[in-house]
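What follows is one structure encoded as structure tokens, with my remarks underneath.
The values are calculated or read from the model by the stated rules, or taken from the named source; none is laboratory data. Remember, it's a predicted structure, so these values are computed and weren't measured experimentally. Positions of Cβ are generated from backbone atoms using ideal geometry, with glycine treated the same way; all protein chains shown enter the neighbour counts.
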Amino acid sequence: MNAPESLPDAATLRAMKAQGRKLVMLTSYDASLTVHCENAGVDVLLVGDSLGMVIQGHDTTLPVTIEHMIYHCACVARARRRALLAVDMPYRSYETPEQAVANARRLLEEGGADMVKLEGGSAILPRLEALRDAGIRVCGHLGLLPQSVEELGGYKVQGRSSEDAERILADARALEAAGVEMIVLECIPAALGRRISESLAIPTIGIGAGPDCDGQVLVSYDLLGLTPGRRPRFSHDFLSEQPPGRGIADAIHAYVLAVREGRFPGPEHSFE
Ligand code: KIV
């Protein structure tokens, strides 16, 4: 694996936020796309369990296994040069603190990841604390939790009632206190995305969480217009906007610039 000599640590991530430097995250599942992400200056590569939908053709992320994640993470790790490499812990791979630590170690050692991402709030705190105590870097994920899509009754905007908004904010604070280094906020009203981002010292990474998060993430297959059927409101096909003769590398570069310059997401990608 190509482990870079210096990676942003937790203090650097917080300093980037304090300086107003937007973090750019993008999903990657293979070596070739990773090279384009690296060339375009993506800060964080995410091997998302969205691969269950965009690569494997499932309706949800639930059938994805730890073996699948290790395989794709290792593909990405072979091509990464300087970006931080985060990987999703798949459904039911972190049911207990012990299982979370054992599977996270596999993702780091066999997959070559730097950081694991887990979905959930206060309910998973003992697992997050076990990971922190084991020295494993963690990214949180709040708002719409695709691994809980059945309990949530579908892919719906979360945090619209004041009770839900307060719960998500309290979860974000609890995750930060448990040592989580950044938090993905998925599909929540833009005002809540701003409130959470202003309440934390660690960066928030939005996807359908408005323009005021400290960074943004997209599913690369959405960015490249590869995802069949109706795409979520928060996604954007950057490839279709490229002038003739331009391609995938230019589309990823356009995404990186649009996030850094605060031009993406716009109001049309956000929720009230
Ligand atoms: O699995 C994934 O790609 C994700 C992003 C949508 C944040 O979790």
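What number of residues within region 224-246 are under 17 Å from residue 187 (Cβ atoms) and touching a helix residue (DSSP H, G or I) at 6+ places or on another chain (Cβ under 8 Å)? Break it down stepwise before answering.
If we filter region 224-246 for residues that are under 17 Å from residue 187 (Cβ atoms), which is where we start, we get 227, 230-236.
Imposing the further condition that a residue be touching a helix residue (DSSP H, G or I) at 6+ places or on another chain (Cβ under 8 Å) reduces the set to 227, 231-236.
Total meeting the criteria: 7.
So which residues in region 11-33 are under 21 Å from residue 137 (Cα atoms) and either of a type in the set (Ser, Thr, Tyr) or within 14 Å of the ligand (Cβ to nearest atom) (or both), if there are any at all?
Hits for region 11-33 are 12, 23, 24, 25, 26, 27, 28, 29.
Has region 239-247 got at least one residue that is touching a residue at least 12 places away in the same chain (Cβ under 8 Å) and under 17 Å from the mean Cα position of the chain (by Cα)? Outline the logic, then answer.
Step one: of region 239-247, the residues touching a residue at least 12 places away in the same chain (Cβ under 8 Å) are 239-242.
Next cut, under 17 Å from the mean Cα position of the chain (by Cα) only: none.
The answer is no, given that none of the residues of region 239-247 is touching a residue at least 12 places away in the same chain (Cβ under 8 Å) and under 17 Å from the mean Cα position of the chain (by Cα).
Which of the residues that make up region 229-260 are within 18 Å of residue 193 (Cα to Cα) and not β-branched (Val, Ile, Thr)? Outline the logic, then answer.
Looking only at region 229-260, we keep the residues that are within 18 Å of residue 193 (Cα to Cα), and these are 232-235, 259-260.
Passing the criteria: 232, 233, 234, 235, 260.
Among all residue pairs at least 6 apart or on different chains, which show Cβ distances below 7 Å where the first residue, located in region 68-82, is under 12 Å from residue 107 (Cα atoms) and among the aromatic types (Phe, Trp, Tyr) and the second is part of a helix (DSSP H, G or I) and modelled with pLDDT under 95?
Taking only residues 6 or more apart or on different chains, not a single pair turns up.
Quick check on residue 106: is it touching a Gly at 6+ places or on another chain (Cβ under 9 Å) and not in a loop (DSSP other than H, G, I, E, B)? Walk me through how you get there before you give the answer.
Details: touching a Gly at 6+ places or on another chain (Cβ under 9 Å): no; not in a loop (DSSP other than H, G, I, E, B): yes.
So residue 106 does not fit the description; no.
Out of the residues in region 121-154 meeting the condition of being in a helix (DSSP H, G or I) and within 16 Å of the ligand (Cβ to nearest atom), tell me which one is nearest to residue 100 (Cα to Cα).
Here the answer is 124.
Within region 162-197, restricting attention to residues that are in contact with an Asp or Glu (Cβ under 8 Å, 6 or more places away or on another chain) and of a type outside the set (A, V, I, L, M), which residue is farthest from residue 134 (Cα to Cα)?
In this case the residue turns out to be 189.
Are any residues in region 89-142 basic (Lys, Arg) and on the phi > 0 side of the Ramachandran plot, and if so, which ones?
92
Only residues that are within 11 Å of the ligand (Cβ to nearest atom) and aliphatic (A, V, I, L, M): list them for region 56-82, please.
Scanning region 56-82 gives 64, 69.
I'd like to verify a number: residues in region 187-204 that are surrounded by fewer than 23 Cβ atoms within 10 Å (Cβ to Cβ) and touching a helix residue (DSSP H, G or I) at 6+ places or on another chain (Cβ under 9 Å), how many?
Total meeting the criteria: 8.
Which one of the conditions (1) outside any helix (DSSP H, G or I); (2) within 24 Å of residue 135 (Cβ to Cβ) does residue 61 fail to meet, given that it meets all the rest?
Here residue 61 clears every test but (2).
Taking the conditions exactly as written (among the small types (Gly, Ala, Ser), touching a Pro at 6+ places or on another chain (Cβ under 8 Å) and at pLDDT 95 or above), does residue 112 satisfy them or not?
Values: among the small types (Gly, Ala, Ser): yes; touching a Pro at 6+ places or on another chain (Cβ under 8 Å): no; at pLDDT 95 or above: yes.
No, not satisfied.
If a residue has to be buried (at least 23 other Cβ atoms within 10 Å of the Cβ) and either among the hydrophobic types (A, V, I, L, M, F, W, C) or in contact with a His (Cβ under 9 Å, 6 or more places away or on another chain) (or both) to count, how many in region 23-47 make the cut?
Count: 12.
Looking only at residues in region 67-98 that are closer than 21 Å to residue 142 by Cα and surrounded by fewer than 17 Cβ atoms within 10 Å (Cβ to Cβ), which one is farthest from the chain's Cα centre (by Cα)? Walk me through how you get there before you give the answer.
Let us first name the residues in region 67-98 that are closer than 21 Å to residue 142 by Cα, namely 69, 84-97.
Going one step further and asking which of them are surrounded by fewer than 17 Cβ atoms within 10 Å (Cβ to Cβ), we end up with 92, 95-96.
Working: 92: 18, 95: 20, 96: 22 Å.
This residue is 96.
Kindly indicate whether any position in region 83-93 is within 12 Å of the ligand (Cβ to nearest atom), small (Gly, Ala, Ser) and either out of contact with any helix residue (DSSP H, G or I) (no Cβ under 6 Å at 6 or more places or on another chain) or closer than 21 Å to residue 24 by Cβ (or both). Don't jump to the end; show me each part of the working.
Start the filter on region 83-93 by keeping residues that are within 12 Å of the ligand (Cβ to nearest atom), which leaves 86-91.
After this cut, where a residue has to be small (Gly, Ala, Ser) as well, the list is 86.
Now narrow it down to the ones that are either out of contact with any helix residue (DSSP H, G or I) (no Cβ under 6 Å at 6 or more places or on another chain) or closer than 21 Å to residue 24 by Cβ (or both): 86.
Checking region 83-93: at least one residue is within 12 Å of the ligand (Cβ to nearest atom), small (Gly, Ala, Ser) and either out of contact with any helix residue (DSSP H, G or I) (no Cβ under 6 Å at 6 or more places or on another chain) or closer than 21 Å to residue 24 by Cβ (or both).
When the residues of region 10-20 are narrowed to those that are in contact (Cβ under 8 Å) with a residue 60 or more places away in the chain and within 14 Å of residue 44 (Cβ to Cβ), which ends up surrounded by the fewest Cβ atoms within 10 Å (Cβ to Cβ)?
Once the filter is applied, the top-ranked residue is 10.
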